[in-house]
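Student: The following block contains the structure, expressed as structure tokens.
The values are calculated or read from the model by the stated rules, or taken from the named source; none is laboratory data. Please read these numbers as outputs of a predicted model, since none were measured by experiment. Cβ: placed from backbone, ideal geometry, glycine included. Neighbour counts: every protein chain shown.
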Amino acid sequence: MMSHRKHRFTALATLLMAMGLAAASFMPNLPGYEFPQMTALVAVGIAAIMVLLAWVPKQPVTAADEEPIPWGGIWPLILILAGFLWVMEWLGFFATSYIAFFLIILIYSPQRISLRGAIKGAVITGLFLGVLYLIFVALLRVQVPQGILI
């Protein structure tokens, strides 16, 4: 029964965080914030479904049903995202995104890091961010943080 409480608490905390992000996305009443608002509303909807599923009666959760969290593989991503948020306003969204995506490719690639793999990752990251730029800035006109770089 203790495990159900933990799942319910996690679901409620997720819903509260999503609702806080949604409220924050509607605070600046400026044009160009439609995409973050839509994304926040989708997150609230998914979190609400998660809360409903946590309260639906089901079979007891056993230790065999839960998988351990692989923290060794999660910490590098958390550090990359924290660094991303820390320097994004200074460097700019696309330059910081390039660095973050490139580091993610290098760290989480199943192959060993080599010069050829790094060049391939750099090209893939550049193409990916080019497509994101075209979609969000050119077509949807989403405002992104500007910095000393792009």
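Student: Just checking, how many residues over region 63-84 are of a type in the set (A, V, I, L, M, F, W, C) and surrounded by 11 or more Cβ atoms within 10 Å (Cβ to Cβ)?
Tutor: Residues of region 63-84 that are of a type in the set (A, V, I, L, M, F, W, C), as a first pass: 63-64, 69, 71, 74-75, 77-82, 84.
Next, from what is left, pick out any that are surrounded by 11 or more Cβ atoms within 10 Å (Cβ to Cβ): 77, 79-81, 84.
Going through region 63-84 one residue at a time, the tally reaches 5.
Student: Can you name the condition, by its number, that L129 falls short on among (1) buried (at least 16 other Cβ atoms within 10 Å of the Cβ); (2) touching a Leu at 6+ places or on another chain (Cβ under 8 Å)?
Tutor: L129 satisfies all of (1) buried (at least 16 other Cβ atoms within 10 Å of the Cβ); (2) touching a Leu at 6+ places or on another chain (Cβ under 8 Å) except (2).
Student: Within region 9-23, can you find the residues that are of a type in the set (S, T, N, Q) and either crowded, with 18+ Cβ neighbours inside 10 Å or closer than 20 Å to M38 by Cβ (or both)? Talk me through it step by step, then tell me what you get.
Tutor: Quick first cut of region 9-23, residues of a type in the set (S, T, N, Q) only: 10, 14.
Of everything in region 9-23, just one residue is of a type in the set (S, T, N, Q) and either crowded, with 18+ Cβ neighbours inside 10 Å or closer than 20 Å to M38 by Cβ (or both), namely T14.
Student: I want to confirm something. Restricting to region 109-143 and keeping residues that are touching a Gly at 6+ places or on another chain (Cβ under 8 Å) and not polar (S, T, N, Q), which single residue is nearest to P70 (Cα to Cα)?
Tutor: So the residue we want is V142.
Student: Quick test for you: out of A100, A122, A47, pick the one residue that is modelled with pLDDT of 85 or more, in contact with a helix residue (DSSP H, G or I) (Cβ under 8 Å, 6 or more places away or on another chain) and either among the aromatic types (F, W, Y) or closer than 24 Å to L16 by Cα (or both). First the steps, then the outcome.
Tutor: Details: A100 fails: either among the aromatic types (F, W, Y) or closer than 24 Å to L16 by Cα (or both); A122 fails: either among the aromatic types (F, W, Y) or closer than 24 Å to L16 by Cα (or both).
Going through A100, A122, A47 in turn, just one is modelled with pLDDT of 85 or more, in contact with a helix residue (DSSP H, G or I) (Cβ under 8 Å, 6 or more places away or on another chain) and either among the aromatic types (F, W, Y) or closer than 24 Å to L16 by Cα (or both): A47.
A quick yes/no check of all residues on (1) within 14 Å of the chain's Cα centre (by Cα); (2) assigned to a helix (DSSP H, G or I); (3) free of Cβ contacts under 8 Å to residues at least 12 places away in the same chain; (4) assigned by TED's automatic domain parsing to the domain that holds V144:
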residue: A82; (1), (2), (3), (4): yes, yes, yes, yes
residue: T96; (1), (2), (3), (4): no, yes, no, yes
residue: R112; (1), (2), (3), (4): no, no, yes, yes
residue: R116; (1), (2), (3), (4): no, yes, yes, yes
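Student: Here's another thing I want to ask about it. Considering only region 132-148, how many residues are in a loop (DSSP other than H, G, I, E, B), aliphatic (A, V, I, L, M) and surrounded by 13 or more Cβ atoms within 10 Å (Cβ to Cβ)?
Tutor: Initial filter on region 132-148 (in a loop (DSSP other than H, G, I, E, B)): 140-148.
Retained after the next criterion (residues that are aliphatic (A, V, I, L, M)): 140, 142, 144, 148.
Going one step further and asking which of them are surrounded by 13 or more Cβ atoms within 10 Å (Cβ to Cβ), we end up with 142, 144.
Final tally of qualifying residues: 2.
Student: Of all residues in region 65-76, count the ones that are part of a helix (DSSP H, G or I) and modelled with pLDDT under 90. Step through it out loud before you land on a result.
Tutor: Residues of region 65-76 that are part of a helix (DSSP H, G or I), as a first pass: 65, 71-76.
Adding the requirement that they be modelled with pLDDT under 90 leaves 65, 71-74.
The qualifying residues number 5.
Student: Here is a follow-up. Got at least one residue in region 126-133 being among the β-branched types (V, I, T), touching a residue at least 40 places away in the same chain (Cβ under 8 Å) and under 30 Å from E34 (Cβ atoms)?
Tutor: Start the filter on region 126-133 by keeping residues that are among the β-branched types (V, I, T), which leaves 131.
Then keep just the ones that are touching a residue at least 40 places away in the same chain (Cβ under 8 Å); that gives none.
No, region 126-133 has no match at all.
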